Amino acid sequence: MTDIDFYILSAQEPQQRLDFACRLIEKAYRSRCKVLVQLDTQEQAKEFDELLWAYRDSSFIPHNLLGEPDTEKSGENCPVHITFGEQHQPPHFDVLVNLAAEIPSTFARYKRVLEVVIQQDDVLETTRNHYRFYKERGYPINNIDMRMSN
């Protein structure tokens, strides 16, 4: 069964949420996990793609933006994929980082789903709804309170 992890931050800015997601992705990549990052729109996906390229000077996270021309074949062995909406998602990923307002219909095929919570009304409402969804279906949920370590 898929494990669900909610990372609860004291941060309030959306950019801080994205930066923290990059840290999670880097950690998963270094652990040799295949990661899918889910966003709402193509624009958000492209912006996140750029963020991963510039994330840290001392770090390199090989990744691929799904839906872009020529990326399907060239990136099939890439450890991190970024997607949006309900477009086709390749199988055989270990971790789903869900930054979207909706939970992808394919979430149960992953070993772990990571949700990042910040103290902003829209994100709080969305992630509370996600928490309720997972809990009602009996998925094991871990709450990782990062507010203590900030």
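Sum up the lysine pairs in the chain that clear both bars: alpha-carbon distance under 17 Å and a spacing of 8 or more or different chains. Walk me through the intermediate numbers first.
On the way: K27/K111; K34/K73; K34/K111; K111/K135.
Number of lysine pairs found: 4.
More than 15 Å apart: what percent of Cα pairs in the range 83-150 qualify?
Details: 1300 of 2278 pairs.
Across the range 83-150, Cα pairs with separations above 15 Å total 57 percent.
Residues in the chain average 56 Å² of solvent-accessible surface per residue, probe 1.4 Å, ligands and nucleic acids excluded.
I'd like to know how the chain sits against the 2.2 N^0.38 Å rule of thumb: what's its Cα Rg over that expected value?
Numbers: Rg = 14.5 Å, N = 150, 2.2 N^0.38 = 14.8 Å.
Ratio of Cα Rg to 2.2 N^0.38 Å: 0.98.
Each of Q16, S58, A108 was placed along the dipole of the chain (beta-carbon charges, centred on the mean Cα), and the one lying farthest toward the positive end is A108. The packing ranking of peptides 33-42, 127-136, 16-25, highest mean first, is 33-42, 16-25, 127-136, where packing means the average number of other beta carbon atoms within 10 angstrom of each residue. Only helices enter this figure: runs of n ≥ 4 DSSP H residues, each worth -39500 (n - 2.57), summed and divided by the residues of the chain, yield -10500 deg cm²/dmol at 222 nm to the nearest 500. Report note on the peptides 111-123, 49-61: ranked by the mean count of other C-beta atoms within 10 Å, highest first, their order is 111-123, 49-61.
The values are calculated or read from the model by the stated rules, or taken from the named source; none is laboratory data. Worth saying up front: this structure is predicted, and the values here are computed from it rather than measured. Cβ coordinates were reconstructed from backbone atoms using ideal geometry, including for glycine residues, and neighbour counts include every protein chain displayed. We work out accessible area using only protein heavy atoms, side chains counted, and drop any ligands, DNA or RNA first. Shrake-Rupley method; radii C 1.70, N 1.55, O 1.52, S 1.80 Å.
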